[in-house]
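Note sheet for the following structure.
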Amino acid sequence: MVVDLRSDTVTQPSAEMIRAMASAPLGDDVLGDDPTVKELESLAAAAMGKEAGLFVPSGTMGNQIALCVHCRPGDAVLFEEQAHMVWYEGGAPAVFAGVLTKTVPGTNGIMSLADIESRITRRNYHTPGTVLLCIENTHNRAGGAIVPPDLMEKYQTIATENAMATHLDGARIFNASVALGAPVQKLTKSVDTVNFCLSKALGAPVGSVLCGPAAFIEEAKYVRKRMGGGMRQSGILAAAGIYALEHNVDRLAEDHLRAKALGAGLAEIPGLSIQQEDIVTNFVMVDTVLPVTLWVEAISRHGVKAIAFGPHRVRLVLHYHIDDQAVAQCIDAFRTAASEIGA
Ligand SMILES: *Cc1c(COP(=O)(O)O)cnc(C)c1O
């Protein structure tokens, strides 16, 4: 069996999810009459504690629409320096919203309040106005790290004091909520807008939902159409999202437990080092003494797929196809690899 730990985006829809998709009532959503899309959008908005939601094809599109609506071209936006929106969205902030990307140093995805404040500029004859603070939770490049709710509130306070809005890239916000044992609204109440992914750990094949105030989402709908993200009988996809929200949230706790077990097992293998205390959600970041490419090749020969995350780092992501046996197979593959490559 192949154990695919490249990402939690590799999941296949379950038979029950496909059944929900097959029986969903559909309409033309661009014309405003797909009932299943409407249901997903109101379910998502209610979950996030926001007035409205907008179903979009990807997390990237949701995030970039948010920038377009929050900002005008030439405005400055603050991001943590390892943010997905800066690293992995094809330079989109410069292309679509036309904003100036200003990065804030972070430790484990956490920015200090002083570092944020020192980068805020007010619009005057020389400087662009800094109009938006983006937060990522859980933080992808920081290994699934959680930004705690009290810090989210402090970020909001700084933003409000400086007449800035806040956007949460919450691709995996449910992982944070489940890991904290706190309702997701505890994390989303301190931001103006949030995008979360249905196609990541929640196991839907496609889609994200951007949530925020009703007037904001109305404008977002216009930008989505402009970007080519207006979809027709998209209820067939939204049905998978509804199924995911109703059935696949609580089970994220299993992924988190297995991530810890995987980290503990790998920590005993020579040539690997793991900060086990940093395994808080569904990611395991493994640092290697030998070049990571040697490891990735060797484990792939034993049926384990993973992505190198730097020259000496590999990222392993847990999801609902990874059961205890898959975790054991992964540990075995790394152990065999260690002897093969002389780690
Ligand atoms: C995956 C991801 C996104 C974007 O998702 P796509 O659906 O792949 O465009 C945004 N932010 C974070 C933190 C992610 O991990």
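Just so it is clear, none of the values below were taken in a lab; they were calculated from the coordinates. Just so you know, these numbers come straight off a predicted model, no measurement behind them. Neighbour counts run over all protein chains shown; Cβ positions are idealised from the backbone, glycine included.
Evaluated at 20 °C with a viscosity of 1.002 mPa s, what Stokes-Einstein diffusion coefficient in µm²/s does region 43-187 have when Rh comes from the Kirkwood expression over alpha-carbon pairs?
The Stokes-Einstein estimate is 138 µm²/s.
Share of Cα-Cα pairs in region 251-341 beyond 16 Å, in percent?
47
If you rank H312, H167 by fewest surrounding Cβ atoms within 10 Å, what's the result?
The fewest-first ordering by Cβ neighbours comes to H312, H167.
Using a Cα-Cα cut-off of under 23 Å, which lysines could be cross-linked to K225, ignoring same-chain neighbours fewer than 8 residues away?
By straight Cα distance, K225 reaches K38, K50.
Using Cα-Cα distances under 8 Å and only pairs 6 or more residues apart, what relative contact order does region 6-72 have, in percent?
RCO, region 6-72: 14 percent.
Any idea what angle helix 252-266 forms with the longest principal axis of the chain, computed on alpha-carbon atoms, 0 to 90 degrees, nearest 10?
For 252-266 against the chain, the angle is about 40 degrees.
Give me the angle, in degrees from 0 to 90, between the Cα long axis of helix 59-70 and the longest principal axis of the Cα atoms of the chain, rounded to the nearest 10.
Between the helix axis and the principal axis of the chain, the angle is about 30 degrees.
Round to the nearest 10 and give me the degree value, 0 to 90, for the angle of helix 235-247's Cα axis relative to the longest principal axis of the chain.
The angle comes out near 60 degrees.
Taking springs between alpha-carbon atoms closer than 10 angstrom, which of V209, V99, V56 fluctuates most in the Gaussian network model of the chain?
V99
Suppose we keep just the alpha-carbon trace of the chain; what are its Rg and Dmax in angstrom?
Here Rg and the maximum Cα pair distance are 20.5, 63 Å.
What order, most packed first, do the peptides 104-112, 117-125 have when packing is the mean number of other Cβ atoms within 10 Å of each residue?
104-112, 117-125
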